[in-house]
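One structure is given below, encoded as structure tokens.
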Amino acid sequence: MRFLTGLLALAATLSGFSVPSLAAADCSAGPGTARVLEVDPAGLEVGTKHFPQTLDLAEGEFVLTFDDGPSAGTTPMVLKALAAGCVRATFFLVGTRAAESPALVKRILAEGHGVGYHSQTHPMTLADLPYDKAVRDIERGIVSVDRAATGSSSASPHFPFFRFPGFGSSPQLLAYATNRKLGVFGADLWASDWEPMTPEAELDLVLTRMAHVGRGIVLFHDTRLQTARMVPALLRAMKERGYRVVHVVPRGVATAASPQVAPQ
Ligand SMILES: [Zn+2]
């Protein structure tokens, strides 16, 4: 079976097609996606680093999120590892980068992952800008991602999740997000992957934090090479530890496909 899967994967590679369904046939490289969690985006503010509450997750359940992409150099490495482990994640995309790489945005969605917005230009932070300017940057980011993903944008955002760059929100901007029915994601833990370190050191750090926190939304950056190199080992380690991946989706918004659940 492994040989056959390998042959099929090789054929797929040679023919240039991306075939997540083939990868899904063998989830041995990761824990799989245990379940899908539907949430109402309106008024959602989750992640205990900055909000009083987080998603309704059981002990050992984690939501994997990747910020600041897509990046042609590193995002495909992350996607490959996620596909090999049958793991669904959420990518908070920067508008200018989505506009530069619309094919990658489409690929993220086609492979069953979720997408959220992360502003147009990634100001550090939106809360430090005049309110009108901050809102304009958020809205331009929405239009860029929607156009990259679907070729069009409309008054209502296609993907109603948002994460503030640097978690820099303000009460006024949070109220704006709520009015726009955008669910706001913080995080419960992160890999500190903005600090240069080896993939091995980053893996140790994030696994220590996962063990300590026990559950939650994990923040990574798919634009960081050290993270892209670490993800395959992270997924293997999560499987070994019995951790479960939860794919969070907005209620009522169709995703590309149903999740693959790893064989027990
Ligand atoms: Zn960011």
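Of THR223, THR74, THR150, which has the most accessible area and how do the rest follow, probe 1.4 Å?
Largest to smallest exposure gives the sequence THR150, THR223, THR74.
Among the listed pairs LYS49/LYS133; LYS80/LYS181; LYS181/LYS239; LYS49/LYS106, which have their C-alpha atoms separated by more than 28 angstrom in this model?
Cα-Cα > 28 Å for LYS80/LYS181; LYS181/LYS239; LYS49/LYS106; rest within.
Would you please give the residues with an amide H less than 5 Å from that of PHE161, counting only those at least 5 places away or on a separate chain, with H modeled from the backbone geometry?
Those qualifying (amide H under 5 Å, at least 5 residues apart or on another chain) are TYR117, GLY183.
With θ set to phi - 60° and the Karplus curve 6.51 cos²θ - 1.76 cosθ + 1.60, what are the ³J(HN,Hα) couplings of region 164-169 in order, to the nearest whole Hz, using x for Gly and Pro?
Listing the rounded values in order: 6, x, x, 6, x, 9 Hz.
Using DSSP to call loops (not H, G, I, E or B), can you name the trypsin sites (Lys or Arg not before Pro) in region 20-89 whose Cβ has at most 15 other Cβ atoms within 10 angstrom?
Within region 20-89, the qualifying trypsin sites (Lys or Arg not before Pro) (loop, at most 15 other Cβ atoms within 10 Å) are LYS49.
Which value results when the Cα radius of gyration for the chain is divided by 2.2 N^0.38 Å?
In units of the globular-protein estimate, the chain measures up at 0.96.
Residues with amide H under 5 Å of GLY114's amide H, sequence separation 5 or more or different chain, H placed in the peptide plane at 1.01 Å from N; which?
The list, which skips near neighbours in sequence, is ALA89, THR90, PHE91.
Mind checking which of HIS212, HIS122, HIS247 has the largest fluctuation in a GNM of the chain, springs on alpha carbons under 10 Å?
Comparing HIS212, HIS122, HIS247 in a Gaussian network model of the chain, the most mobile one is HIS212.
When the chain is modelled as a GNM with alpha-carbon springs shorter than 10 Å, which of GLY95, GLY60, GLY112 fluctuates the most?
GLY60
Counting only residues 5 or more places away or on other chains, whose amide H sits under 5 Å from the amide H of VAL63 once H atoms are built in the peptide plane?
Placed amide hydrogens put GLY216, ILE217, VAL218, VAL246 under 5 Å from VAL63.
Keeping the other protein chains in place, figure out the carbon and sulfur percent of the accessible area of the chain, with a 1.4 Å probe.
57 percent
Counting heavy atoms of the protein chains only and a 1.4 Å probe, report the per residue accessible area for region 87-230 as a whole number of Å².
40 Å²
Over the chain, what is the relative contact order in whole percent, taking alpha-carbon pairs under 8 Å and six or more residues apart?
Reported as a whole number, the value is 33 percent.
For the chain, with a Gaussian network of springs between Cα atoms less than 10 Å apart, report the residue from GLY69, GLY242, GLY186 with the top mean-square fluctuation.
GLY242
Positive end of the charge dipole of the chain (Lys, Arg +1 and Asp, Glu -1 on Cβ, about the Cα centre): tell me which of MET238, PHE185, VAL135 has its Cα farthest that way.
Of MET238, PHE185, VAL135, it is MET238.
The values are calculated or read from the model by the stated rules, or taken from the named source; none is laboratory data. Bear in mind that the values here come from a model prediction, so they are computed numbers and not experimental data. As a convention, Cβ positions derive from the backbone with ideal geometry for all residues, glycine included, and neighbour counts pool all protein chains shown. We work out accessible area using only protein heavy atoms, side chains counted, and drop any ligands, DNA or RNA first. Shrake-Rupley method; radii C 1.70, N 1.55, O 1.52, S 1.80 Å.
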